[in-house]
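One structure is given here, and the rest of the page talks about it.
The values are calculated or read from the model by the stated rules, or taken from the named source; none is laboratory data. Keep in mind that what you see is a predicted model, and the values were worked out from it rather than measured. We place every Cβ from the backbone using ideal geometry, glycine too, and count neighbours over all the protein chains shown. Areas reflect the complete protein model, heavy atoms only, side chains present, ligands, DNA and RNA absent. Shrake-Rupley method; radii C 1.70, N 1.55, O 1.52, S 1.80 Å.
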There are 2 protein chains.
Amino acid sequence: MKAPVKRLAVLGSTGSIGRQTLDVVRALPEHFRIVGLAAGKNLGLLARQVEEFRPDFVSYESSGRVELPGGGELVTLEELACLSAADTVVIATSGMAGLAALLAAVKAGKNIALANKESLVSAGEIIMAAADKSGARLLPVDSEHSAIWQCLNGEKPPPQRLVLTASGGPFRDYSRERMTGITVAQALEHPSWRMGKKVTIDSATLMNKGLEVIEARWLFGVPIESISVLVHPRSIVHSMVEFVDGSVKAQLGCPDMRLPIQYALSYPERLSNPSLPRIDWANFTGLAFEPPDTDRFPCLRLAIEAGRKGGTFPAVLCAADEAAVEFFLSGRIGFNDIPRLVEKALAGHRVVASPDLPAIVEAGRGARESVMAFAGGGS
Amino acid sequence: MKAPVKRLAVLGSTGSIGRQTLDVVRALPEHFRIVGLAAGKNLGLLARQVEEFRPDFVSYESSGRVELPGGGELVTLEELACLSAADTVVIATSGMAGLAALLAAVKAGKNIALANKESLVSAGEIIMAAADKSGARLLPVDSEHSAIWQCLNGEKPPPQRLVLTASGGPFRDYSRERMTGITVAQALEHPSWRMGKKVTIDSATLMNKGLEVIEARWLFGVPIESISVLVHPRSIVHSMVEFVDGSVKAQLGCPDMRLPIQYALSYPERLSNPSLPRIDWANFTGLAFEPPDTDRFPCLRLAIEAGRKGGTFPAVLCAADEAAVEFFLSGRIGFNDIPRLVEKALAGHRVVASPDLPAIVEAGRGARESVMAFAGGGS
């Protein structure tokens, strides 16, 4: 009764989620095989991954189209996303490149382990409609959405309320004034999670939680009003679901992204993996929670408002935040400028209701321009 | 798509669980109908329940076999437990009377909402074997087992570990010396749960948690070694399940027995019930946990040992505890005498491995005699 080996295509294999996905595959070679790898610019790491995992297909951005040593057939990112040889496609490509690949995989009816946040936030309505039509399955990789998904196992939807937990990031106790002086290095020091740079900054501003609220709305078909956020610094409770009878389920675990990644890959099975950390019950003491402070962390409020208004607002939110975080990381704006610039981009946007893909792309482009203009010109 | 009305027989309708079961039925008359009621001695309350719910069948202990006003056909407890007119039988009769009724219901292949603790602790092997054979379904009513059951929803067994939470009772912080002076009134003041007297005292000694460990072993097919206990004073997290991949699920809710009772009745559905309390997310702050102290609360250790050794030991544990708690409630022994007498009964017992029902009954009788002898004679 051994489960067959699952064949995986990993888009974004050199990023944080991609590398941790390969860690899981490395730990469980009898369960998973890599049939496709795709990366953006880190060709050195991709070459080593190709050498180790010997995929049948690879995809990478290269002007010269240099063949990787031992690499498989070169295909486009969209082709890799639809690979018939893959049982599950992991979409960990960040930004809008991820969206195009995701849409291709959704239309091809694939099982999709989804780690790209921007796509569902910007184009949730389009993606979910396409998935409904094709039968594609979205398997969340984010720890919060994985938690909710696990809690919904065996339950009849819809739940009454989703409660997303947030670590609160490294500046949970900072006053708004103190935040002015936050350095890039400080913002990249996340207290509980090991993640990519963009997500780490988004965690520090709580924008990440706002984006997750919008994602949860699409993944689980729950209105934004029925999604709450609770700050939980130790990141042990990954999220909770309240049911119609008042019963609540929570999913807990050590804060290690390999756990939700593995669950998305192994679903509906669970696999024993000795390299994953476990909760130490002998030292399990307190779990603290507190309401989020949207005065000090306005990104959360901005995201929830954008999600509630819908249309192209979430795409603007997403693109403006991406641009603002880039500016912050390159030292050109301060920490408190991130919400300020996002708010300006949203305020200046003329919304399109039920947008098509070009309208979404255009809204994002406009938002980035807005951020650039305000970041350059000040105030 | 309205679910059909579920017909219920409630055995032990005048006890704490029985009354709260009727509260649930009262709140959801479109979902449940009472077809049978049984009680022991509180005929006054039974008469009022019969008048309100108009069951087709009743069962009660009465020398004169007086008919209740408006009461249905008089049947035996075992007959009521097997009622073909009932979709689910609630077994909330305490003590060994509950065991006989439970076995009858199990053999008849019923859906059984089980609140009688003693039966599964004393005769778990017999009951589970009979249930396997008949296809009877045991639906746990205890909040801890309901929590585990809810967490296992949609998951493939067996889990890696069960973590039962315990309120710790009113004497959680007492030294062993201070416990000597505990009065009956103090012991009946449970900090979080409204329950019957016997269970309330068992909660205060942690014997209740030990009995639940043994029950969990049978209900979920998990070895005693894979069941942990954590003290959690606020009784919000009702229990947790750790899976093979290290993921953990917890079930949470306000400490109100009507919630797990309703779930056992409505399963696999969940029903909205405005009369049940809900977690207040705006004021959801801390959840504290600590390991149990089996030096101060030896009953927990005694129960786990008895469960591990098996055979007739759990029956001795159960009966000795029942007798000791009676003695405590009537003021004849002190609080610390409860574990002392239970330990003596266990120490003096000659175990029977894989006992049949008469051996279990005999072991219980011997245990009660042991407690009476030691309680009377001191030392």
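Restricting attention to the stretch B:152-171, does a residue exist that is part of a helix (DSSP H, G or I) and modelled with pLDDT of 95 or more?
Yes, the stretch B:152-171 contains at least one residue that is part of a helix (DSSP H, G or I) and modelled with pLDDT of 95 or more.
Considering B:192, B:203, B:228, which residue is assigned to a strand (DSSP E or B) and not aliphatic (A, V, I, L, M)?
Testing whether each residue is assigned to a strand (DSSP E or B) and not aliphatic (A, V, I, L, M) leaves just B:228.
Condition check: surrounded by 24 or more Cβ atoms within 10 Å (Cβ to Cβ) and in contact with an Asp or Glu (Cβ under 6 Å, 6 or more places away or on another chain). Does residue B:80 satisfy that?
Against the criterion (surrounded by 24 or more Cβ atoms within 10 Å (Cβ to Cβ) and in contact with an Asp or Glu (Cβ under 6 Å, 6 or more places away or on another chain)), residue B:80 does not qualify.
Can you find even one residue in the stretch B:97-109 that is among the charged types (D, E, K, R), at pLDDT below 95 and at negative phi?
no
Can you pull out every residue in the stretch A:118-177 that is under 23 Å from residue A:233 (Cβ atoms) and β-branched (Val, Ile, Thr)?
Scanning the stretch A:118-177 gives A:141, A:148, A:163, A:165.
Just the residues that are modelled with pLDDT of 90 or more and surrounded by fewer than 21 Cβ atoms within 10 Å (Cβ to Cβ), please, taken from the stretch B:176-196.
Result: B:176, B:177, B:178, B:179, B:180, B:181, B:182, B:183, B:184, B:185, B:186, B:188.
Taking the criterion of being out of contact with any Asp or Glu (no Cβ under 7 Å at 6 or more places or on another chain), away from chain A (no Cβ under 14 Å) and within 19 Å of residue B:121 (Cα to Cα), would at least one residue in the stretch B:224-238 satisfy it?
Yes - at least one qualifying residue is present in the stretch B:224-238.
Taking residue A:216, is it touching a strand residue (DSSP E or B) at 6+ places or on another chain (Cβ under 6 Å) and either open to solvent by less than 10 Å² (accessible area, probe 1.4 Å) or assigned by TED's automatic domain parsing to the domain that holds residue A:327 (or both)?
When the stated conditions are applied, residue A:216 passes them.
Applying the selection to the stretch B:342-379, what residues are without any contact (Cβ under 8 Å) to a residue 60 or more places away in the chain and of a type in the set (Val, Ile, Thr)?
The answer is B:351, B:352, B:371.
Of the conditions (1) closer than 30 Å to residue A:359 by Cα; (2) open to solvent by less than 10 Å² (accessible area, probe 1.4 Å), residue A:252 satisfies every one except a single condition; which number is it?
(1)
Which condition does residue B:295 not pass, out of (1) assigned to a loop (DSSP other than H, G, I, E, B); (2) open to solvent by 30 Å² or more (accessible area, probe 1.4 Å); (3) more than 24 Å from residue B:205 (Cα to Cα), if it passes all the others?
(3)
When the stretch B:263-292 is examined, which residues are found to be among the hydroxyl-bearing types (Ser, Thr, Tyr), closer than 23 Å to residue B:165 by Cα and open to solvent by 10 Å² or more (accessible area, probe 1.4 Å)?
B:267, B:285
Would a scan of the stretch A:160-167 turn up a residue that is touching a Cys at 6+ places or on another chain (Cβ under 8 Å), buried (at least 19 other Cβ atoms within 10 Å of the Cβ) and within 29 Å of residue A:129 (Cα to Cα)?
There is no residue in the stretch A:160-167 that is touching a Cys at 6+ places or on another chain (Cβ under 8 Å), buried (at least 19 other Cβ atoms within 10 Å of the Cβ) and within 29 Å of residue A:129 (Cα to Cα).
Could you go through the stretch B:134-154 and let me know if any residue there is within 14 Å of chain A (Cβ to nearest Cβ), on the phi > 0 side of the Ramachandran plot and free of Cβ contacts under 8 Å to residues at least 60 places away in the same chain.
yes
Has the stretch B:282-290 got any residue that is in contact with a Phe, Trp or Tyr (Cβ under 6 Å, 6 or more places away or on another chain) and of a type in the set (D, E, K, R)?
No, the stretch B:282-290 contains no residue that is in contact with a Phe, Trp or Tyr (Cβ under 6 Å, 6 or more places away or on another chain) and of a type in the set (D, E, K, R).
Picking from B:250, B:288, B:315, B:282, which residue would you name as being more than 7 Å from every other protein chain (Cβ to nearest Cβ) and aliphatic (A, V, I, L, M)?
Going through B:250, B:288, B:315, B:282 in turn, just one is more than 7 Å from every other protein chain (Cβ to nearest Cβ) and aliphatic (A, V, I, L, M): B:315.
Does residue B:170 fit the bill of being within 13 Å of chain A (Cβ to nearest Cβ) and surrounded by fewer than 19 Cβ atoms within 10 Å (Cβ to Cβ)?
no
Right, residue A:247: of a type in the set (Gly, Ala, Ser), open to solvent by less than 10 Å² (accessible area, probe 1.4 Å) and free of Cβ contacts under 8 Å to residues at least 40 places away in the same chain or not?
Yes.
Restricting attention to the stretch A:118-135, which residues are acidic (Asp, Glu) and either open to solvent by less than 10 Å² (accessible area, probe 1.4 Å) or over 26 Å from residue A:250 (Cα atoms) (or both)?
A:125, A:132
Please find, within the stretch B:339-379, the residue that is least open to solvent (accessible area, probe 1.4 Å) out of those that are farther than 29 Å from residue B:104 by Cα and out of contact with any helix residue (DSSP H, G or I) (no Cβ under 7 Å at 6 or more places or on another chain).
Restricting to residues being farther than 29 Å from residue B:104 by Cα and out of contact with any helix residue (DSSP H, G or I) (no Cβ under 7 Å at 6 or more places or on another chain), the top hit is B:378.
Just the residues that are in a loop (DSSP other than H, G, I, E, B), closer than 28 Å to residue B:113 by Cα and not hydrophobic (A, V, I, L, M, F, W, C), please, taken from the stretch B:264-292.
B:267, B:268, B:269, B:270, B:272, B:273, B:274, B:275, B:277, B:278
Taking the condition of being open to solvent by 20 Å² or more (accessible area, probe 1.4 Å), in contact with a strand residue (DSSP E or B) (Cβ under 6 Å, 6 or more places away or on another chain) and in contact (Cβ under 8 Å) with a residue 60 or more places away in the chain, how many residues in the stretch B:1-51 meet it?
Total satisfying the criteria: 2.
Confirm whether residue A:138 is buried (at least 18 other Cβ atoms within 10 Å of the Cβ), part of a helix (DSSP H, G or I) and within 15 Å of the chain's Cα centre (by Cα).
Taking the combined requirement at face value, the residue does not satisfy it.
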